[in-house]
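A short worksheet on the structure shown next.
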Amino acid sequence: MPGRRISAVERYGKFMLLRLGQPDRTESSLSSAGGAANVDSVAGSLLVHLGMTGHIAAFPAAKPHEKHTHVCFLLDDGRELRYTDARRFGRMAYLEGTALEKELQEFGADPLVVSREEFVAQVRGHRARIKALLLDQGVLRGVGNIYADESLWRARIHPARLGAQLTTKQARTLHRVLRDILEKAIVLRGSSISDFLDAEGEPGEYQRHHRAYGREGKRCYRCGTLIRRAIVAGRSSYFCPRCQPAPRGFAMLPLPRRGKARKA
């Protein structure tokens, strides 16, 4: 890492990819003179996953470290790039060359880039539940629980439906609404449900536009039926039982008692 310049910051699914340029020769020679291993001349990347509570941003080096600060990178302008994560669900790795290529090959298509027909083929080619497919990073990279529920509500598809049982029209509709929702959420800096902040320290605003996620017991914006919750693919899934008919035999969870809110 010493002497490397961050040449680009990209999103790759749920990961941030910090592309690193060639190491500075002066810094490299100093490392070698000090007995350290010579800095590899191959450009690498830092792959960062924020997990559920992770945050990465630059701060003045003199500013005291916040609680749960796990990683610091000293920058040449006197600031530190700091990674904090209260729950430690995040991940950070330095990769280069074939190791980086192999890691990125594990991910599926980007939902904002994949063509409609490729998306339809992927969805209808699996007998897994559609919610599980949307969350499977090997099928589609970058879709999380919130946006899976929101897109399924918009497409009127129950999260427990099997991908192979969707019609071509339903899969095409899902592709369209998923892209619309993700694009709008990006513009609004995501959804701040608990403590999410962006790199500028600002909360997201898309939570104001949620139509299903976290709305258990509240009325559907389309038909007025109470939004219900079920466990699909190991995650809480919110849906309208009228707009999104469930597969035969699939049970939803009972509504919580008044005054007792369930956690998402």
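Going through the cross-link list Lys63/Lys102; Lys131/Lys169; Lys67/Lys102; Lys67/Lys218; Lys63/Lys184, which pairs have a Cα-Cα distance over 29 Å in this structure?
Working: Lys63/Lys102 38 Å; Lys131/Lys169 17 Å; Lys67/Lys102 34 Å; Lys67/Lys218 36 Å; Lys63/Lys184 34 Å.
Beyond 29 Å between Cα atoms: Lys63/Lys102; Lys67/Lys102; Lys67/Lys218; Lys63/Lys184.
Full-extension gain between Arg235 and Glu106, please, as 0.36 nm times their residue separation minus the C-alpha to C-alpha distance.
Computed gain between Arg235 and Glu106 is 44.2 nm.
Could you line up Asp180, Asp85 from fewest to most neighbouring Cβ atoms inside 10 Å?
Numbers: Asp180 13, Asp85 21.
The fewest-first ordering by Cβ neighbours comes to Asp180, Asp85.
Residue separation times 0.36 nm, minus the C-alpha to C-alpha distance between Leu75 and Cys223: what's the value?
Values: separation 148, 0.36 × 148 = 53.28 nm, distance 5.36 nm.
The span from Leu75 to Cys223 would gain 47.9 nm if fully extended.
According to a simple spin-label model (label point 7 Å from Cα along Cα-to-Cβ), what is the distance in nm between Gln137 and Leu255?
Calculated label separation equals 3.7 nm.
Let's test the formula: R0 of 35 Å, r as the Cβ-Cβ distance of Arg127 and Ser7. What FRET efficiency results, to the nearest 0.05?
Numbers: r = 43 Å, r/R0 = 1.22.
Approximately 0.25, to the nearest 0.05.
Each value in this text was obtained by applying a stated rule to the coordinates, not by laboratory testing. Since the structure is predicted, the reported quantities are computational estimates derived from the model, not experimental observations. Positions of Cβ are backbone-derived with ideal geometry, glycine not excepted, and every protein chain shown enters the neighbour counts.
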